[in-house]
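The values are calculated or read from the model by the stated rules, or taken from the named source; none is laboratory data. Treat the numbers as computed from the prediction; the structure is a model and nothing was measured. Here the Cβ is made from the backbone with ideal geometry for all residues, glycine too, and neighbour counts use every protein chain on show. Side chains included, ligands, DNA and RNA excluded: accessible areas come from the protein's heavy atoms. Shrake-Rupley method; radii C 1.70, N 1.55, O 1.52, S 1.80 Å.
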Amino acid sequence: MLGLKASTDPAFVLRFQADVEAMLLDHAHCEKKAAATALNMLGRYPDHPGIVDAMADIVDEEMAHFRQVIAIMASRGWSYRGCRPSLYAGRLHALCRRGYREALVDRLLISALIEARSCERFALLGAQLDDDELRTFYGSLFASEARHYATYVKLALAEDDEASVRARLDELLTAEAEIVRLGEDAPKLHA
Ligand SMILES: [Fe+2]
Ligand SMILES: [Fe+2]
């Protein structure tokens, strides 16, 4: 899906169901982080109107997702609190190249990959969870994360020639597949 080079282990749905509270908490943090990353891009590249407009929209949408997740948690008696960030995003961001244009393209492509992986996982959850409310919820998030993926790739393509952006996307997709295989030792949406 969306060019990803490793498919999520179907046992991911079972891991989610084994600790729904921890997974929802991690998901809430992922949405907050997605909004914060978009806000950071907006601040870092004020002279790129395409980026500023798209990031403003994404900040709003990710915060709406964040509020949806914490509302579901609250309805189940679970409170939002801190949680250790997943290693996944940090490992991806470590691949960011130096140099103004290279770093800009990489930041956009890394965000695209995180959206693509979220999208793939939400599709699985939206199809297979045994909890009706959560299955419907994840099914409803799938489309917006797919749109965010497409937005980030389109913005990256506008910053350099198409062949080099696509070659870099392919390299990062290969690296992302390796990072997903490393996994994590805690219940995480991207583990
Ligand atoms: Fe989101
Ligand atoms: Fe997103």
note = With the label point 7 Å along the Cα-to-beta-carbon line of ALA6 and a cut-off under 18 Å to each amide N, the hits in the stretch 111-143 are 111-122, 124
Gaussian network model of the chain, springs between alpha carbon atoms under 10 Å - residue of HIS48, HIS27, HIS148 with greatest fluctuation = HIS48
message = Could you give the length gained by full extension between LEU182 and ASP130, i.e. 0.36 nm per residue of separation minus their alpha carbon distance, to one decimal place?
response = 16.0 nm
request  = Summarise the accessible area of the stretch 114-191 (1.4 Å probe, protein heavy atoms) by the percent that is carbon and sulfur.
outcome  = 53
message = Can you give me the convex hull volume of the Cα atoms of the stretch 84-138, divided per residue and expressed in Å³?
response = 90
inquiry  = Just to confirm, what accessible area per residue do you get for the stretch 1-85 at 1.4 Å probe, in whole Å²?
reply    = 50
task = Determine the shape class of the stretch 3-94: with a ≥ b ≥ c the square roots of the Cα gyration tensor eigenvalues, call it rounded for a/c under 1.5, and otherwise prolate if a/b is greater than b/c, oblate otherwise.
result = oblate
ask   = Starting at 0 and stepping by 5 Å, how many percent of the alpha carbon pairs of the chain end up in each bin?
value = 1, 8, 17, 21, 21, 16, 9, 5, 2, 0, 0
inquiry  = On a straight-distance basis, which lysines could pair with LYS154 in a cross-link, Cα separation under 25 angstrom, same-chain partners fewer than 8 positions away excluded?
reply    = LYS5, LYS32, LYS33
task = Go ahead and estimate [θ] at 222 nm for the chain from helices alone: -39,500 (n - 2.57) per DSSP H run with n ≥ 4, summed, over the residue count, rounded to 500.
result = -26000 deg cm²/dmol
query = In nm, to one decimal, how far is the ASN40 label point from the ALA103 one, both placed 7 Å along Cα→Cβ?
reply = 1.2
